[in-house]
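Comments concern the structure below.
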Amino acid sequence: MIELKHLCKTYKTATREINALDDISLKIEDGEIFGIIGLSGAGKSTLVRCINLLEKPTSGDVILDGKNITTLKKKELLKLRQSIGMIFQGFNLLSQRNVLKNVCFPMEIAGIDKKQAEERARQLLELVGLSDRAESYPSQLSGGQKQRVAIARALSTKPKYLLCDEATSALDPNTTRSILELLKEINEKMGVTIVVITHEMKVIDQICDRVAVIDNSRIAEEGKVSDVFTRPKSQIARELIIPQGRAVLDTKGGRKLRLTFDNLHSNTPVISDMVLECQAPVNILFADTREFEGAIFGHMIIELPNDPRQEEKIIAWLRTSQIQWREEE
């Protein structure tokens, strides 16, 4: 288990102090995929780098499996880091080494026998779907392939934890999806605990079990992904789920309602049922719904007809439904 207790990180310049992290406390359970989401500059990358002490906290504790690693000596810390893999947005591959030797590199540092290291590297390349590119160089690979090599390299020392710092933000949507599916497969097959740092909610809801939302160097809220997605408590979480400028269009219809779908069965035709039952049309202004384990979660903003009687019918129908709703200003 990863436990962060009252973590603070302050950078000092010639003229002022910058608080990158302010009293962060989190628990990340073994075997889960935990997401940390926030806007640029919120402190999320600093936070993940504090977990393996690439950034040393100004104060607070980082506890891995019951051991406070902030008190470790340099040699002990280097040994412990073998149990924490890390992948980055920019891949960070060694351009003068081929794929196989890139994956072998951490094992060379750890003093693992060359033959044994190459055998494990080939197994990992098989896992990430690149067994045929072992002799290729980074310049010959696509972005998605480079990230797969980086994932294989991060797994080479058999880590218990894998930290992903904006690992998909430089990739196109299809490649992002495939990388996230690979991370989920690694989590399920190898039991590796994965921490995902991102600014995109679609990354979080695709693979994460729980999520912490970070804003202005502090944790704004934390919980199950489905709970945060359907019932965001903080303003920053609402902005990340429904970006500003997309929530409500400026139209000339009637009242605007936000519907929140919370654990409805995925084959329930909610809007169709409402329109047919009420015999009243509605205009869908925004929708962002996702399926988690056969149930629908999400938000939809609808515009009611500019007719008081039809409006009353829809409101009455919603009051008897399982759907949470509120009026948009």
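The values are calculated or read from the model by the stated rules, or taken from the named source; none is laboratory data. The structure displayed is predicted, hence computed values, not measured ones. Here the Cβ is made from the backbone with ideal geometry for all residues, glycine too, and neighbour counts use every protein chain on show. The protein model used for the area step is the full one, side chains on, heavy atoms only, and it has no ligands, DNA or RNA in it. Shrake-Rupley method; radii C 1.70, N 1.55, O 1.52, S 1.80 Å.
Key figures for this structure:
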read-out: Unique residue being in contact with a Cys (Cβ under 7 Å, 6 or more places away or on another chain), within 22 Å of V192 (Cβ to Cβ), of a type in the set (A, V, I, L, M, F, W, C) and outside any helix (DSSP H, G or I) when the list is I87, I112; value: I87
read-out: Qualifying residue in the stretch 89-107 (condition: out of contact with any Ser or Thr (no Cβ under 7 Å at 6 or more places or on another chain), open to solvent by 60 Å² or more (accessible area, probe 1.4 Å) and of a type in the set (F, W, Y)); value: yes
read-out: Scope the stretch 66-84; condition open to solvent by 50 Å² or more (accessible area, probe 1.4 Å) and either closer than 16 Å to T157 by Cβ or part of a helix (DSSP H, G or I) (or both); matching residues; value: T71, K74, K75, E76, L78, K79, R81, Q82
read-out: Subset tally (residues that are assigned to a loop (DSSP other than H, G, I, E, B) and of a type in the set (A, V, I, L, M, F, W, C)) for the stretch 156-192; value: 4
read-out: All strands (runs of 3 or more DSSP E) inside the stretch 1-51 with 3 or more residues being without any contact (Cβ under 8 Å) to a residue 60 or more places away in the chain; value: 2-12, 17-28
read-out: Failed condition for S40, given (1) closer than 28 Å to E188 by Cα; (2) open to solvent by 40 Å² or more (accessible area, probe 1.4 Å); (3) hydroxyl-bearing (S, T, Y); value: (1)
read-out: Any hit, the stretch 12-22, residues being modelled with pLDDT of 90 or more and either out of contact with any Ser or Thr (no Cβ under 7 Å at 6 or more places or on another chain) or of a type in the set (K, R) (or both); value: no
read-out: Number of the exception - P138 against (1) more than 23 Å from the chain's Cα centre (by Cα); (2) buried (at least 16 other Cβ atoms within 10 Å of the Cβ); (3) over 20 Å from T176 (Cα atoms); value: (3)
